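The values are calculated or read from the model by the stated rules, or taken from the named source; none is laboratory data. All figures in this text were calculated on a predicted structure; none of them were measured in a lab. For neighbour counting, all protein chains shown are included, and Cβ atoms are generated from backbone atoms with ideal geometry for every residue, glycine included.
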Amino acid sequence: MTQAIDKDRVLIFDTTLRDGEQSPGATMTHEEKLEIAELLDEMGVDIIEAGFPIASEGDFRAVKEIAERSKNSVICGLARANLTDIDRCWEAVQHAGKPRIHTFIGTSPLHRAIPNLTMDEMAERIHETVTHARNLCGNVQWSPMDATRTEWDYLCRVIEIAIKAGATTINIPDTVGYTAPVESADLIKRLIETVPGADEVVFATHCHNDLGMATANALAAVAGGARQIECTVNGLGERAGNTALEEVVMALKVRHDIMPWHTGVDSTKIMNISRRVATASGFAVQFNKAIVGKNAFAHESGIHQDGMLKNAETFEIMRPADVGLAASSLPLGKHSGRAALRAKLRDLGIDLADNQLKDVFVRFKDLADRKKEVYDEDILALVHAGEDAA
Ligand code: KIV
Ligand code: ZN
């Protein structure tokens, strides 16, 4: 019996351990990488790019061990377009239940100038290396690096060569975060319509965040027909980072009405892996980062806190539990109102009469004007100071 193909399923390809680790200063230890790979596998990430095996002995060992321990995810290693890289990559990933070789070459004019290859020479190199990778492994991904700045005709030509040579996934990297969402959707759509054999492979999108458009570009590419999103936890990655895993997963979940595609990721595991990656990489998550920032489910102003206390949907489009967070928070500060103060006092087991609350509220506002955040201990001190004065 043949299995029905789910055309709306978007594969999540996580490259935290490869592109993410390429962030200057984000190096992770061997043990940390194993742990993160295990968490990614458990949360339903389809493909884990575990590293770049030729880059160092450490990278090789990490990819090999992640491959050996993998349970459900495809384990992928990166290789440049040469036979030595590809052989080394295969040596590491072959231990996985589901291995993949990912090989790439820069195809834009700027990138072609680096190895100093003519268009024909590069085309020949692509044919040779993808054929070699496919002879080793049934699952081969090929990427024309800097695809979004590659001439249209040449891009079509090299993708066709890679497909004919056996690539099963064609990834379209926006290597320098240059593209805009309308272009991203249009590029994938036109490639699928134009390149012979395109309907037999999966098209992937790999976006960088130099202009802050990585998530928008990735989702637009899916609208254009891509069915694999390459991303990293917390958006870790070169320069301004990559598309953030948590953003695309939650965007597809929350706005399913308008983006009718789905992933296999268990979103309730997002907060845990976000914290683990932040600690391992040493890259703290910015407070206002979408989905996983400290303030993503925090509300300070009186109007917002009052709304939240009455109905969380007034100011939240996702439930904290959907991303693995126990609850939203209503931090007390100078913008907070009486309703939030009363709720906080109740949490602390204190029920004040209206006139007492009025009194504590006046002193609370006075303190909040001097302090960025008012903590539980401050509130308790205010209440007790009031009792002493009475
Ligand atoms: O950004 C990029 O082009 C890459 C490739 C190696 C896929 O990371
Ligand atoms: Zn990249």
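What about Met145, is it within 16 Å of ligand 1 (Cβ to nearest atom) and on the phi < 0 side of the Ramachandran plot? Yes; evaluated as a whole, the condition is true for this residue.
Here's a check for you: in segment 228-240, which residue that is crowded, with 24+ Cβ neighbours inside 10 Å and in a loop (DSSP other than H, G, I, E, B) is farthest from ligand 2 (Cβ to nearest atom)? Within segment 228-240, the match that is farthest from ligand 2 (Cβ to nearest atom) is Leu236. Filtering segment 1-50 to residues that are within 16 Å of ligand 2 (Cβ to nearest atom) and either surrounded by fewer than 14 Cβ atoms within 10 Å (Cβ to Cβ) or assigned to a loop (DSSP other than H, G, I, E, B) (or both) leaves Thr15, Glu21, Gln22, Ser23, Pro24, Ala26.
Within segment 195-225, the set of residues being among the aliphatic types (A, V, I, L, M), away from ligand 1 (no atom under 16 Å from the Cβ) and touching a residue at least 40 places away in the same chain (Cβ under 8 Å) comprises Leu219, Val222.
Yes or no, residue by residue, for (1) assigned to a loop (DSSP other than H, G, I, E, B); (2) hydroxyl-bearing (Ser, Thr, Tyr):
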site	(1), (2)
Ile114	yes, no
Leu117	yes, no
Asp120	no, no
Ala123	no, no
His127	no, no
Val130	no, no
Asn135	no, no
Ser143	no, yes
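Could you tell me whether segment 226-242 includes any residue that is at pLDDT 95 or above, in contact with a strand residue (DSSP E or B) (Cβ under 7 Å, 6 or more places away or on another chain), away from ligand 1 (no atom under 16 Å from the Cβ) and more than 20 Å from Phe287 (Cβ to Cβ)? Yes, that holds for at least one residue. Filtering segment 251-277 to residues that are more than 13 Å from the chain's Cα centre (by Cα) and under 17 Å from Leu219 (Cα atoms) leaves Lys253, Val254, Arg255, His256, Asp257, Ile258, Met259, Pro260, Trp261, His262, Gly264. When residues in segment 57-71 are screened for being surrounded by fewer than 22 Cβ atoms within 10 Å (Cβ to Cβ) and more than 27 Å from Ala165 (Cα to Cα), 7 of them pass.
Among the residues of segment 325-341, is any in contact (Cβ under 8 Å) with a residue 60 or more places away in the chain, within 21 Å of Val249 (Cβ to Cβ) and not basic (Lys, Arg)? Checked against the condition, which is being in contact (Cβ under 8 Å) with a residue 60 or more places away in the chain, within 21 Å of Val249 (Cβ to Cβ) and not basic (Lys, Arg), segment 325-341 yields no hits at all.
Any idea how many residues of segment 190-212 are part of a loop (DSSP other than H, G, I, E, B) and over 13 Å from the mean Cα position of the chain (by Cα)? The qualifying residues number 7.
Right, Pro53: within 16 Å of ligand 1 (Cβ to nearest atom), under 20 Å from Leu245 (Cα atoms) and over 17 Å from the mean Cα position of the chain (by Cα) or not? The answer is no for Pro53.
Here Thr268 meets each of (1) buried (at least 21 other Cβ atoms within 10 Å of the Cβ); (2) more than 16 Å from ligand 1 (Cβ to nearest atom) with one exception, condition (1). How many residues does segment 239-256 hold that are basic (Lys, Arg) and within 26 Å of Val176 (Cβ to Cβ)? Total meeting the criteria: 1.
Here Pro173 meets each of (1) out of contact with any Gly (no Cβ under 9 Å at 6 or more places or on another chain); (2) within 13 Å of ligand 2 (Cβ to nearest atom); (3) under 24 Å from Leu39 (Cα atoms) with one exception, condition (3). Take Met145 and decide whether it is within 27 Å of the chain's Cα centre (by Cα) and either of a type in the set (A, V, I, L, M, F, W, C) or within 15 Å of ligand 2 (Cβ to nearest atom) (or both). In short, yes.
In the list Thr103, Thr118, Thr84, which residue meets the criterion of being within 25 Å of the chain's Cα centre (by Cα) and among the polar types (S, T, N, Q)? Criteria check complete, one pass: Thr103.
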